[in-house]
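Accompanying notes for the structure given below.
The values are calculated or read from the model by the stated rules, or taken from the named source; none is laboratory data. Bear in mind that the values here come from a model prediction, so they are computed numbers and not experimental data. Neighbour counts run over all protein chains shown; Cβ positions are idealised from the backbone, glycine included.
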Amino acid sequence: MSKKNFSVEFFPPKTAEGAEKLRVTRAKLAELKPKYFSVTFGAGGSTQQGTLDTVVEIMGEGLEAAPHLSCVGSSRESIRNILTADKTALRRHLIAVRRAIATAQRARHDSAIASHVTAWWRAHPVAVLGVYWPVRHEPDLQSAYAALVAAGVQLALPVVTAPDAPLQFAAWTPGMPLTKDAFGVSIPAAPLVALQPQALLIPCVGFTGSGIRLGYGGGFYDRTLANPTHPLAIGIAYACSRVDFEAAAHDVAMDAIITETGILNPREA
């Protein structure tokens, strides 16, 4: 007998008490392993933001969820705005979760990720590696950078040249002075030495089990990876950032994603 797939739909809660009751109910229903949860969009007098917040909370629990949109009587633009708001809410939630990691635990996570990064490099010994300077509570890989440089790797930091252009990369070594560019990004102080990395360490706001990355929404890494001959793309994130969301047409799956728990190879998942 073939397996039956089913979903469960909720009305978004209107009160804190309703939200807590929904969490209890949802935990029980999750044991039945529904294909996904949906949340009625702006139903019963509740706000549309309530629907998006509920969807984001469910996704933050590692469950698949989506707002139940009605396209009848809606314009393409309004639907597009709703979907954009959904991703924006998810980013906000994931950044908050990342920020809430305790200092001692974050240090342990960063150390574990750094060890996995150096292990990945030993299996893929590229000569030039694109790295990043951490912002907004991203994993800090300074210990890995030092170990890689000691092993003879040339590191490079991303440089934004225009709002709608792919990233460029400039040579950098830990200890070199940094400056902020016109976009507020930390880059090596002049003069810049342009490089072409064979692989990139890319910070993720979120990621899926299939290797799709959620970034900050600027599209810089999307444009950088749009070329079919792009460098290897290695996502860097905390394990708590793993969620399920629909990939966009322009999304390029990471070749690997490294968290404190290990190295995820999406093509083998």
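Test of understanding: among L22, L32, which residue is in a helix (DSSP H, G or I), out of contact with any Gly (no Cβ under 6 Å at 6 or more places or on another chain) and modelled with pLDDT of 85 or more?
L22
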Test result for T208, surrounded by fewer than 12 Cβ atoms within 10 Å (Cβ to Cβ) and free of Cβ contacts under 8 Å to residues at least 40 places away in the same chain:
no
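Between D251, D255, which is within 22 Å of K87 (Cα to Cα) and among the charged types (D, E, K, R)?
Numbers: D255 fails: within 22 Å of K87 (Cα to Cα).
Criteria check complete, one pass: D251.
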Checking L148 against (1) out of contact with any helix residue (DSSP H, G or I) (no Cβ under 7 Å at 6 or more places or on another chain); (2) modelled with pLDDT of 95 or more, the condition it does not meet:
(1)
Unique match (being at pLDDT 95 or above and of a type in the set (V, I, T)) among V128, V160:
V128
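Looking at the structure I just gave you, is V205 touching a Gly at 6+ places or on another chain (Cβ under 9 Å) and more than 24 Å from A123 (Cα to Cα)?
Yes, satisfied.
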What pairs can you find where one residue is in the range 240-263 and of a type in the set (K, R), the other is outside any loop (DSSP other than H, G, I, E, B), and their Cβ atoms are less than 7 Å apart, with a gap of 6+ or different chains?
R242/F207
Filter the range 78-105 for residues that are at pLDDT 90 or above and not in a helix (DSSP H, G or I); the one that is surrounded by the fewest Cβ atoms within 10 Å (Cβ to Cβ) is A102
Can you pull out every residue in the range 217-251 that is assigned to a loop (DSSP other than H, G, I, E, B), surrounded by 15 or more Cβ atoms within 10 Å (Cβ to Cβ) and touching a Lys or Arg at 6+ places or on another chain (Cβ under 8 Å)?
Y238, F245, D251
